[in-house]
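Below is one structure, written out as structure tokens, with a few remarks after it.
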Amino acid sequence: MKRKTKKVFCIILFTLFCFISTDFSFSKVHSLEVKNSKKGNVSNLIDVLLSSEHVEGEILVKFRNEIAVNNALLKSVSNAAHLVTGGSVKKEFKRLRGLQLVSLGNQISVSQALESYINNPDIEYAEPNYIVHSTAMPDDTYFNQLWGLNNTGQTGGTVDADIDAPEAWELTTGSSDVVIAVVDTGISYNHPELSANIWYNPGETSCTDGIDNDGNGYVDDCYGWDFVDNDNDPMGYASHGTHVAGTIAAVGNNTQGVAGVMWTAKIMPLRFLDAIGSGTTADAISAILYANAKGAHVINNSWGGGGFSQALKDAIDASPAVVVCAAGNSTSNNDSAPFYPASYTSANIIAVAATDHNDNLAWFSSYGATSVDVAAPGVSIYSTVPARHQLFFDNMTTLNNWTAQSPWGLSTIYFSSPYSASDSPTGNYANNTNTSLKLANLISLTGERGTVLEYWLRLQTQSYYDFLCVDASTNGNSWTNLNCYYGSTGSSFYFMEEDLTSYDGRAQFYIRFRLQSNNSVTDDGAYIDDVKITSYSADYTGTEYAYYSGTSMATPHVSGLAGLIKSLYPFLTNLEIKAAILNNVDTKSSLTGKVLTDGRINAFKALSSITCPYFPVMIARITPAYFSSLQAAYNAAVEGETIQSQALNFTEDLNININKSVTVEGGYNCDYSTVIGMTRLTGLMTTSYGTITIGNLELKQ
């Protein structure tokens, strides 16, 4: 699914997997201001809403709850509202009643439509369908060890500037009962380090019968869902989601590759970002609602961007999961320049900054004394990536592979020695030019999947008027524009990617770079180097690992920790897990005033801090079950099971009136392993048919 949106350079390109769009202005509007927008200046509000990158011709509209609960009324009211704008309902979100993704007609702009919907008293809010981007920065530097989990100074950093993972693993290495949704670019779920930990939908009886067995609106969704292509295959052709998943739960202690924060878990792949890390708010909402409905305990969001979306916040607010979000890589203060979804005030969100191997805030990391909760390792993080194979590579030593339209030629300004290709090697480009560097021979994409164009770009053009464009063709004559860029990268080359998945399977494929200028102001132009075309491969060689940096890489450390806590203490709620993480950090002077907790996560401290269960009764099973009372535990027990109490006192009447025999043992400490005294039950015990064996339990009337 190719979205027709243009991306631009303005001043600087920040990251590789992050903002390949620029001039990104973050909306400084609080949630309450959005909800009460009709009382203020609608025109100013619309300017704010449209200040971030969004899908043209689409709007998210939320009708008021009192209308949404009545299907007939909702249909009538929404039809009337859409009649005014010429819009049609493209999608309804069943788990957020009254929320619709509206496709606009050609006769009205997004701005005009927003004004119509915002002024409609039947509508709670209306907003653009924002485009968001993943927040990782691939790094070419490779190290030998996972310093973020156990830092011995092996990378030249500070000893113990890590999350104390080995100490935490003495308590737990995870559980297959814990489900962590990775809302991202998809996951290469057949990667040898991930395949054993991939979630399987228990509601689907077959992956190929074409039947929605669990009735959730998604057919054959055995391993999650692809919201980009709207199918049941969330395969990660891009590296981002797979890298994130590996940090969370690459299989540990298996004599190969890497280990995740969790050695055992169930990772739910939910693809909403395309091959170059771009997606929409609507698809993000769908993915989070899917995770909510399927019981995810943790949701990892290593992405962000766009303006404030009440709809996305609603989806997060509705989640029973711990929702972990990347703070962003723009070096900015999120307190004054919010970065969503990390900057939403949702109680279940943990917003994460990145640290390096010295426990310093990473140079690229966004921060915020009130809006960013905690930091985690995020520089040169080694993890899993998909297998890919190379279809084409040119380091631009010559231009033999290209048809160069004058004045395109070789330049001694390069990313890799000795040359790059430039639109104007000997000076500034001319006015009113439209010249190209075209691939001379076709490339076959027959049988290929997840194809991506990669290159390094240095750019200096007149902002808003002169462009470096990237075009694709299936015959070398008629061309489709993929993206155009303007502005400056300074004197640096930046890694670029273009999504070619819409050309997968084509027998003929061509690419070209094109410099286009207007009739005023010239500049240095574009330099292109190390052009590569790759596609997804199912053949793993044991080398499918890479070091990436970014708050995207910090975020899964926190998600993995949340999963460890849920594994050891399954009775804890999302807010209790969040509190355990935030209240047990390693405080660092370098993080003081940069994050809410002034610290970096410590897995061992967080796990050790939970001294007693909130549900003090357990039925001793392979997967323990926890209850708030002895009676509730007895009712749930089956013949022959043992009930263990942690608390020393209960005040309740215990009715043994079911034909089963159980054992009740009292006085246990928090791990239910050592008897520490008598548990006193104040009340009456009545029996009928059932029998109970009591150990270390005293009944007092």
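The set of residues in region 303-336 being among the aliphatic types (A, V, I, L, M) and farther than 16 Å from ALA347 by Cβ consists of ALA311, ALA326, ALA327. A search for C-beta distances below 9 Å between a residue of region 162-185 that is more than 21 Å from VAL323 (Cα to Cα) and in a loop (DSSP other than H, G, I, E, B) and any residue that is basic (Lys, Arg) and modelled with pLDDT of 90 or more, counting only pairs 6+ apart in sequence or on different chains, returns ASP162/ARG600; ASP164/LYS605.
Quick check on my filter: what residues within region 691-701 are in a loop (DSSP other than H, G, I, E, B) and crowded, with 16+ Cβ neighbours inside 10 Å? Selection gives ASN696 alone. Close contacts from region 191-210, counting a first residue that is of a type in the set (A, V, I, L, M, F, W, C) and a second that is open to solvent by 10 Å² or more (accessible area, probe 1.4 Å) and in a loop (DSSP other than H, G, I, E, B), with Cβ to Cβ under 8 Å and a gap of 6+ residues or different chains, come to LEU194/VAL251; ALA196/VAL251; ILE198/TYR189; ILE198/TYR223; TRP199/TYR223; CYS207/ASP220; CYS207/TYR223; CYS207/ASN232. Checked against (1) touching a residue at least 40 places away in the same chain (Cβ under 8 Å); (2) assigned to a strand (DSSP E or B); (3) among the polar types (S, T, N, Q), ASN481 passes all but condition (1).
Does GLU66 fit the bill of being open to solvent by 20 Å² or more (accessible area, probe 1.4 Å), of a type in the set (D, E, K, R) and within 12 Å of ALA311 (Cβ to Cβ)? When the stated conditions are applied, GLU66 does not pass them. Considered as a group, the residues in region 649-674 that are out of contact with any strand residue (DSSP E or B) (no Cβ under 6 Å at 6 or more places or on another chain) and at pLDDT below 75 include one that is most open to solvent (accessible area, probe 1.4 Å), and that residue is ASP671.
Residue by residue, here is whether (1) in contact with a Leu (Cβ under 7 Å, 6 or more places away or on another chain); (2) polar (S, T, N, Q); (3) under 30 Å from LEU361 (Cβ atoms); (4) open to solvent by 20 Å² or more (accessible area, probe 1.4 Å) holds:
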{"site": "SER590", "(1), (2), (3), (4)": "yes, yes, yes, yes"}
{"site": "GLY593", "(1), (2), (3), (4)": "no, no, yes, yes"}
{"site": "GLY599", "(1), (2), (3), (4)": "yes, no, yes, no"}
{"site": "ASN602", "(1), (2), (3), (4)": "no, yes, yes, no"}
{"site": "LYS605", "(1), (2), (3), (4)": "no, no, yes, yes"}
{"site": "SER609", "(1), (2), (3), (4)": "no, yes, yes, yes"}
{"site": "PHE615", "(1), (2), (3), (4)": "no, no, no, yes"}
{"site": "ILE622", "(1), (2), (3), (4)": "no, no, no, yes"}
{"site": "SER629", "(1), (2), (3), (4)": "no, yes, no, yes"}
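Okay, residues lined up against (1) among the small types (Gly, Ala, Ser); (2) open to solvent by less than 20 Å² (accessible area, probe 1.4 Å):
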{"site": "ALA250", "(1), (2)": "yes, yes"}
{"site": "THR255", "(1), (2)": "no, no"}
{"site": "THR281", "(1), (2)": "no, yes"}
{"site": "ILE285", "(1), (2)": "no, yes"}
{"site": "ALA296", "(1), (2)": "yes, yes"}
{"site": "ASN300", "(1), (2)": "no, yes"}
{"site": "VAL324", "(1), (2)": "no, yes"}
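In summary, MET618 fulfils each of the numbered conditions (1) in a loop (DSSP other than H, G, I, E, B); (2) farther than 24 Å from ALA326 by Cβ with the single exception of condition (1).
Before we move on, is LYS91 open to solvent by 20 Å² or more (accessible area, probe 1.4 Å), modelled with pLDDT under 95, of a type in the set (D, E, K, R) and within 17 Å of TYR130 (Cα to Cα)? So LYS91 fits the description; yes. Of the residues GLY157, GLY203, GLY217, GLY260, the single one that is more than 30 Å from THR280 (Cα to Cα), part of a loop (DSSP other than H, G, I, E, B), at pLDDT 90 or above and not charged (D, E, K, R) is GLY157. Within region 393-414, is there a residue that is outside any loop (DSSP other than H, G, I, E, B), open to solvent by 10 Å² or more (accessible area, probe 1.4 Å) and of a type in the set (Val, Ile, Thr)? Yes, region 393-414 has at least one match. Here are some conditions: (1) part of a strand (DSSP E or B); (2) over 20 Å from ILE349 (Cβ atoms). ASN300 meets all but one. Which one does it not meet? It fails just one condition, (2). Reported count of residues in region 344-354, each being surrounded by 21 or more Cβ atoms within 10 Å (Cβ to Cβ) and either out of contact with any strand residue (DSSP E or B) (no Cβ under 9 Å at 6 or more places or on another chain) or closer than 12 Å to VAL558 by Cβ (or both), is 6. Residues considered: GLY368, GLY378. Of these, the only one that is closer than 25 Å to GLY260 by Cα, crowded, with 22+ Cβ neighbours inside 10 Å, of a type in the set (Gly, Ala, Ser) and modelled with pLDDT of 95 or more is GLY378. Does region 94-113 contain any residue that is in contact with a helix residue (DSSP H, G or I) (Cβ under 9 Å, 6 or more places away or on another chain), surrounded by fewer than 20 Cβ atoms within 10 Å (Cβ to Cβ) and free of Cβ contacts under 8 Å to residues at least 12 places away in the same chain? Within region 94-113, not a single residue is in contact with a helix residue (DSSP H, G or I) (Cβ under 9 Å, 6 or more places away or on another chain), surrounded by fewer than 20 Cβ atoms within 10 Å (Cβ to Cβ) and free of Cβ contacts under 8 Å to residues at least 12 places away in the same chain. Take region 415-427 and flag every residue that is open to solvent by 50 Å² or more (accessible area, probe 1.4 Å) and either within 18 Å of CYS469 (Cβ to Cβ) or small (Gly, Ala, Ser) (or both). Answer for region 415-427, where residues must be open to solvent by 50 Å² or more (accessible area, probe 1.4 Å) and either within 18 Å of CYS469 (Cβ to Cβ) or small (Gly, Ala, Ser) (or both): just SER417. None of GLY593, GLY640, GLY599 is among the small types (Gly, Ala, Ser), farther than 21 Å from ALA265 by Cβ, out of contact with any strand residue (DSSP E or B) (no Cβ under 6 Å at 6 or more places or on another chain) and in contact (Cβ under 8 Å) with a residue 24 or more places away in the chain except GLY593.
Which residues, taken from region 611-626, are more than 16 Å from ASN649 (Cβ to Cβ) and modelled with pLDDT of 80 or more? Hits for region 611-626 are MET618, ILE619, ALA620, ARG621, ALA625, TYR626.
The set of residues in region 521-548 that are of a type in the set (Asp, Glu) and over 25 Å from MET396 (Cα atoms) comprises ASP539, GLU544. Counted as qualifying within region 488-571 are the strands (runs of 3 or more DSSP E) with 2 or more residues that are under 20 Å from GLY409 (Cα atoms), open to solvent by 10 Å² or more (accessible area, probe 1.4 Å) and at pLDDT 90 or above, namely 510-516, 525-536.
Considering (1) within 24 Å of PRO192 (Cβ to Cβ); (2) without any contact (Cβ under 8 Å) to a residue 12 or more places away in the chain, the lone condition that HIS243 does not fulfil carries the number (2). Only one of the numbered conditions (1) assigned to a loop (DSSP other than H, G, I, E, B); (2) in contact with a Gly (Cβ under 6 Å, 6 or more places away or on another chain) is violated by ASP209, and that is (2).
The values are calculated or read from the model by the stated rules, or taken from the named source; none is laboratory data. Because the structure is predicted, anything quoted here is derived from the model rather than measured. Quick reminder, even Gly has a Cβ in these numbers, built from the backbone with ideal geometry, and neighbours come from all protein chains shown. Note: areas computed on protein heavy atoms with side chains; ligands, DNA, RNA excluded. Shrake-Rupley method; radii C 1.70, N 1.55, O 1.52, S 1.80 Å.
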